[in-house]
1. How large is log10 I(q)/I(0) at q = 0.12, 0.13, 0.21 Å⁻¹ when the Debye formula is applied to the Cα atoms of region 91-250, each weighted equally and without solvent?
2. Which residue, G290, A194, T242, has the largest displacement toward the positive end of the dipole of region 166-303 when charges sit on each Cβ (Lys, Arg +1; Asp, Glu -1)?
3. With every protein chain left in place, what is the accessible area per residue of the chain in square angstrom, probe 1.4 Å?
4. Extending each Cα 7 Å along its Cβ direction at Y173 and Q276, get the distance between those two points in nm, one decimal.
5. Dipole of region 165-303, Cα-centred, from +1 at each Lys and Arg C-beta and -1 at each Asp and Glu C-beta, to the nearest 20 debye?
6. Grab the Cα-Cα distance for E295 and Q14, subtract it from 0.36 nm times how many residues apart they are, and report the gain in nm with one decimal.
7. Suppose each label sits 7 Å from its Cα in the direction of the beta carbon; what would the S133-Y205 distance come out to in nanometres?
8. For the chain, which whole-number percentage of the solvent-accessible area (1.4 Å probe, protein heavy atoms only) is attributable to carbon and sulfur atoms?
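The values are calculated or read from the model by the stated rules, or taken from the named source; none is laboratory data. If you're wondering where the values come from, they're calculated on a predicted model, not measured in any experiment. Note that we place each Cβ from the backbone using ideal geometry, even for glycine, and neighbour counts take in every protein chain shown. The area values use the complete protein model at the heavy-atom level, side chains included, leaving out ligands, DNA and RNA. Shrake-Rupley method; radii C 1.70, N 1.55, O 1.52, S 1.80 Å.
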Amino acid sequence: MNTEDIIKADTIEQYNRFFGFETRHPLVGIVHFDSSVPQPTHRMTLGFYALFLKKTTGCIINYGKTVYDFDDETVVSFAPGQTVGIHRLEDGPAPEAIGLLFHPDFLHRTSLGQKMKQYSFFSYASNEALHLSTEERIILQDYMEKIVRELQHPIDKFSKSLIISNIEVLLNYCMRFYERQFITREDMNHDALARFERLLDDYLYSDMAAKEGIPTVKYFADKICLSPNYFGDLVKQETGKTAQEYIQLKMIAVAKERMLDPAGTIKRIAESLGFQHPQHFVRFFKRQEGCTPKEFRNRMMAS
């Protein structure tokens, strides 16, 4: 197999067939990786949600062009449509991991299906593995084992709801542990926020906005080498505001500074902030401040 080829695993059955696992349910499964399971270097596009509890080192996981910062006792997670690269370390031990796989179709008409967007760690793209304490790993492993036992039980009218409930509790614990990680990595987060502030100032006080357009969350997340979702969670945790709100507040502050200069026209200020049309800037300013730029300027000049 060419390692550059991308394997498609649209279903859990296709995934299991590749690794030699038994399929007990077409839409949900728990898989165990150890030295008995062939784990070649490969790239694979998943058609389902996957969450792996990593127990040893032995391979590198790539998402896109980036590498997860994972090691022993970590969790990595992927959403449908994402491409994952697994690179075995030469002379390294066989990776050991437990994986929870569940297809979006399994969540149809369930409360969990409506909540999946809140589990933003599924769309994290770089440097964002969840690092666990031993106690935290045991909690997640316990819920995976409960799902295994339910999959081994003959299917009845309670099967789906019990499996869904255990998946939801497991994901809620992951959210709790990510919140803890944001706090324990406070120094790193403060550094990322400081870089964000410097980059935002550079963007708005140079001619970059005029050339590139209104600043976006994705632009700054890319610069800091984080995915937009993880970056947004970090900013929210540190400031209480979303990254988009933070950017907009800075844009308003810069706009107000420039409006104090009588020579600065509304058109020129709008362009300097990345707006292609002055009327878009006027609507943005009024939505944020409750008055038009002209009304704000007149009020300030009269005071």
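1. The Cα Debye sum returns log10 ratios of -0.68, -0.76, -1.34.
2. The Cα lying farthest towards the positive end belongs to G290.
3. Ligands and nucleic acids excluded, the result is 52 Å² per residue.
4. About 4.9 nm separates the two model spin labels.
5. 580
6. Roughly 94.9 nm would be gained on extension.
7. Label at S133, label at Y205, 4.2 nm between them.
8. 52
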